[in-house]
Amino acid sequence: MRTRTQVGIVGAGPAGLLLSHLLALRGIDSVLIEIRSRAYCEARQRAGVLEDGSVALLREAGLAARLDRQGLEHGGIYLQFDGERHHIDFRELTRGRTVTVYAQTEVVKDLIARRLADGGDDAIEFSVTDTAVSSLDTDRPRLSYTDASGVRHEIDCDAIAGCDGFHGICRPAIPAGLQATWERGYPYSWLGILADVPPSTDELIYAHHPGGFALHSLRSPSVSRLYLQVDPDEDIANWPDDRIWAELSRRFELPGWTLHRGPVLDKSITPMRSFVSAPMRYGRLFLAGDAAHIVPPTGAKGLNLAFADVAVLAPALEALLHGDDKPAAAYSATCLQRVWRSTHFSWWMTTMLHHTPGADEMEAQLQLSQLRYVVGSTAAATSLAENYTGFAVPPAAS
Ligand code: RFL
Ligand code: PHB
């Protein structure tokens, strides 16, 4: 079946979903295709923290009704090390800036519901196979896929947005010689659990511990999200729930404070990686979100970067469709400034807080010195706070 649209979007994660909505607000048609089912996309456990720029973007785009009711505004985080817990007060350090705890699962549910309500059942095509992109260096790039009923589709587009995540097909469609990539693996992974128990803390705790990093986050007043640093090749079968809780209690231990335990609802292990691919454009293909860059989750940046990319991309595509290539030509360089800032911040948080297997005692001393400096110096604490709460994002209507 041969059809036509203005923008073909590959991937219904946060980047692709928000882009299709921002384009619709500008009167631009798009077709959004996704290899997974709707239920799978809505249940995938991932991020939990939105920068205030991301919240503002969702509000301006008319997507924040449930976020405003259920999101939990946090004015800081705790850093724990050497047996003490210290508060970093974002509001005080950044003139009132905050972050909002609202799960990526909920963001994705809100975005899917809105696209289907506005664009009809055809606005998103779930469970497709054999996605391909071609003719990218012409002004009629083509998106091809097979739908869930087995029909093959060929869509002629004005532009294609590759929002298909780190393992997608769009980035590999760029000729290798035209792409530069930077990559760093880390010698540890995160074991994450979702637990049906009220959080034992009012704000997130990032804990440095000789046994490894731990993070106490949350999803709601009744659901906790916790992470443990584990070996990169760790097998989840080695971590029965009792062992996970015991290890979390050990790493968060503080006199007079108790970690509340509850039923584990979800359990998984995630590797850690920094990755940047540039440029984020090839001809009429534009990469956005994890398709172009990955950060380790320690800085809570991945979802926010995906949103910031599409906030730049939507007006750039609108201009391109009206014959003005300038914003599209600037897209990659504009986004990469923020991408590299977040890449550095995520690397810095990660290496400051994790124990490198086999590292000598000097690593721990350097980390503790850095942590003492962050909690003891207003300048250093402000740097963490402004990076964590994030930098301004282009408004939805720009
Ligand atoms: P996604 O979410 O990976 O979506 C890509 C979509 O493309 C689909 N796809 C295809 N569709 C069609 N054809 C193909 N050939 C396709 N190939 C793939 C996929 O099925 C998928 O639906 O990328 P996007 O939209 O760029 O969004 C990025 C974010 O999901 C990611 O950066 C964050 O989750 C990272 N992250 C965090 N980010 C934050 O900002 N704050 C956090 O607190 C935070 N915590 C985290 C995180 C990621 C984690 N994991 C599991 C990697 C915590 C964890 C544990
Ligand atoms: C989460 O809630 O999943 C989360 C929060 C902060 C991070 C990473 C993950 O840095």
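State whether the residues of the stretch 335-343 include one that is of a type in the set (S, T, N, Q) and loosely packed, with under 15 Cβ neighbours inside 10 Å. Spell out the reasoning first.
Looking only at the stretch 335-343, we keep the residues that are of a type in the set (S, T, N, Q), and these are 337, 342-343.
Next, only the ones that are loosely packed, with under 15 Cβ neighbours inside 10 Å stay: 337.
Yes: one or more hits.
Just to be sure, is residue 57 of a type in the set (A, V, I, L, M), within 24 Å of residue 386 (Cβ to Cβ), within 19 Å of the chain's Cα centre (by Cα) and within 15 Å of ligand 2 (Cβ to nearest atom)? So that I can check it myself, show each step before the final result.
Numbers: of a type in the set (A, V, I, L, M): yes; within 24 Å of residue 386 (Cβ to Cβ): yes; within 19 Å of the chain's Cα centre (by Cα): yes; within 15 Å of ligand 2 (Cβ to nearest atom): no.
No, not satisfied.
Quick one: how many residues across the stretch 214-240 are under 21 Å from residue 103 (Cβ atoms), of a type outside the set (Lys, Arg) and surrounded by 14 or more Cβ atoms within 10 Å (Cβ to Cβ)?
Matching residues across the stretch 214-240 total 11.
Of the numbered conditions (1) assigned to a helix (DSSP H, G or I); (2) within 14 Å of ligand 2 (Cβ to nearest atom), residue 268 satisfies every one except a single condition; which is it?
Answer for residue 268: the failing condition is (1).
Restricting attention to the stretch 104-118, which residues are within 13 Å of ligand 1 (Cβ to nearest atom) and either surrounded by 19 or more Cβ atoms within 10 Å (Cβ to Cβ) or within 12 Å of residue 61 (Cβ to Cβ) (or both)?
104, 107, 108, 111, 112 - these are the residues of the stretch 104-118 that are within 13 Å of ligand 1 (Cβ to nearest atom) and either surrounded by 19 or more Cβ atoms within 10 Å (Cβ to Cβ) or within 12 Å of residue 61 (Cβ to Cβ) (or both).
Under 22 Å from residue 133 (Cα atoms) and among the hydrophobic types (A, V, I, L, M, F, W, C), is that true of residue 306?
Working: under 22 Å from residue 133 (Cα atoms): yes; among the hydrophobic types (A, V, I, L, M, F, W, C): yes.
When the stated conditions are applied, residue 306 passes them.
Does any residue in the stretch 292-305 that is within 14 Å of residue 101 (Cα to Cα) and hydrophobic (A, V, I, L, M, F, W, C) come within less than 6 Å, Cβ to Cβ, of a residue that is away from ligand 2 (no atom under 13 Å from the Cβ) and in a helix (DSSP H, G or I) six or more places away or on a different chain, and which pairs are these?
Once the first residue is within 14 Å of residue 101 (Cα to Cα) and hydrophobic (A, V, I, L, M, F, W, C) and sits in the stretch 292-305, its partners that are away from ligand 2 (no atom under 13 Å from the Cβ) and in a helix (DSSP H, G or I) give 303/14.
Yes/no matrix, rows are residues, columns are (1) within 30 Å of residue 317 (Cβ to Cβ); (2) in contact (Cβ under 8 Å) with a residue 24 or more places away in the chain; (3) of a type outside the set (S, T, N, Q):
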residue	(1), (2), (3)
345	yes, yes, yes
350	no, yes, no
353	no, yes, yes
357	no, yes, yes
371	no, yes, yes
375	no, yes, yes
380	no, no, yes
385	no, yes, yes
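Pick out the one residue from 195, 207 that is away from ligand 1 (no atom under 14 Å from the Cβ), more than 22 Å from residue 366 (Cβ to Cβ) and of a type in the set (A, V, I, L, M, F, W, C).
195
Based on what the data block shows, is residue 144 within 13 Å of ligand 1 (Cβ to nearest atom) and outside any helix (DSSP H, G or I)?
On the way: within 13 Å of ligand 1 (Cβ to nearest atom): yes; outside any helix (DSSP H, G or I): yes.
Yes; evaluated as a whole, the condition is true for this residue.
So, in the stretch 3-15, exactly how many residues are under 19 Å from the mean Cα position of the chain (by Cα) and more than 6 Å from ligand 1 (Cβ to nearest atom)?
Taking the stretch 3-15 first, the residues under 19 Å from the mean Cα position of the chain (by Cα) are 9-15.
The next check asks that each one be more than 6 Å from ligand 1 (Cβ to nearest atom); those that pass are 9.
Result for the stretch 3-15: 1.
Listed residues 340, 348; which is part of a helix (DSSP H, G or I), more than 11 Å from ligand 1 (Cβ to nearest atom) and within 15 Å of the chain's Cα centre (by Cα)? Even if it seems obvious, please write down each step before you answer.
Working: 348 fails: within 15 Å of the chain's Cα centre (by Cα).
Result: 340 is the single residue among 340, 348 that is part of a helix (DSSP H, G or I), more than 11 Å from ligand 1 (Cβ to nearest atom) and within 15 Å of the chain's Cα centre (by Cα).
Can you find, within the stretch 293-311, the residue that is nearest to residue 104 (Cα to Cα) among those that are aliphatic (A, V, I, L, M) and within 8 Å of ligand 1 (Cβ to nearest atom)?
As a first pass, look at the stretch 293-311 and keep what is aliphatic (A, V, I, L, M): 294-295, 300, 303, 305-306, 308, 310-311.
Checking which are within 8 Å of ligand 1 (Cβ to nearest atom) leaves us with 294-295, 300, 303, 305-306.
On the way: 294: 16, 295: 16, 300: 11, 303: 8, 305: 13, 306: 12 Å.
Applying the filter and picking the extreme gives 303.
How do the pairs read when you match residues in the stretch 93-112 that are on the phi < 0 side of the Ramachandran plot and assigned to a strand (DSSP E or B) with residues anywhere that are within 13 Å of ligand 1 (Cβ to nearest atom) and basic (Lys, Arg), using Cβ under 8 Å and keeping only pairs 6 or more apart or on different chains?
Hits for this filter: 101/219.
Does residue 147 qualify as being among the acidic types (Asp, Glu), more than 30 Å from residue 377 (Cα to Cα), away from ligand 2 (no atom under 16 Å from the Cβ) and surrounded by fewer than 21 Cβ atoms within 10 Å (Cβ to Cβ)?
Details: among the acidic types (Asp, Glu): yes; more than 30 Å from residue 377 (Cα to Cα): yes; away from ligand 2 (no atom under 16 Å from the Cβ): yes; surrounded by fewer than 21 Cβ atoms within 10 Å (Cβ to Cβ): yes.
The answer is yes for residue 147.
For the stretch 62-82, indicate whether the set of residues that are modelled with pLDDT of 95 or more, charged (D, E, K, R), closer than 24 Å to residue 396 by Cα and part of a strand (DSSP E or B) is non-empty.
Yes.
Just to be sure I understand the filter: pairs with C-beta atoms under 7 Å, separated by 6 or more residues or on different chains, first member in the stretch 217-233 and without any contact (Cβ under 8 Å) to a residue 60 or more places away in the chain and at negative phi, second member β-branched (Val, Ile, Thr) and crowded, with 20+ Cβ neighbours inside 10 Å. Which pairs pass?
Taking only residues 6 or more apart or on different chains, the pairs are 226/193; 228/244.
So which residues in the stretch 17-55 are more than 11 Å from ligand 1 (Cβ to nearest atom), part of a helix (DSSP H, G or I) and either free of Cβ contacts under 8 Å to residues at least 24 places away in the same chain or surrounded by 17 or more Cβ atoms within 10 Å (Cβ to Cβ) (or both)? Don't jump to the end; show me each part of the working.
Pass one, the stretch 17-55, residues more than 11 Å from ligand 1 (Cβ to nearest atom): 20-31, 39, 43, 52-53, 55.
Okay, now just the ones that are also part of a helix (DSSP H, G or I), so 20-25, 39, 43, 52-53, 55.
Once the filter is applied, which keeps residues that are more than 11 Å from ligand 1 (Cβ to nearest atom), part of a helix (DSSP H, G or I) and either free of Cβ contacts under 8 Å to residues at least 24 places away in the same chain or surrounded by 17 or more Cβ atoms within 10 Å (Cβ to Cβ) (or both), the stretch 17-55 yields 20, 21, 22, 23, 24, 39, 52, 53, 55.
The values are calculated or read from the model by the stated rules, or taken from the named source; none is laboratory data. All figures in this text were calculated on a predicted structure; none of them were measured in a lab. Backbone-built Cβ (ideal geometry, glycine too); neighbour counts: all protein chains shown.
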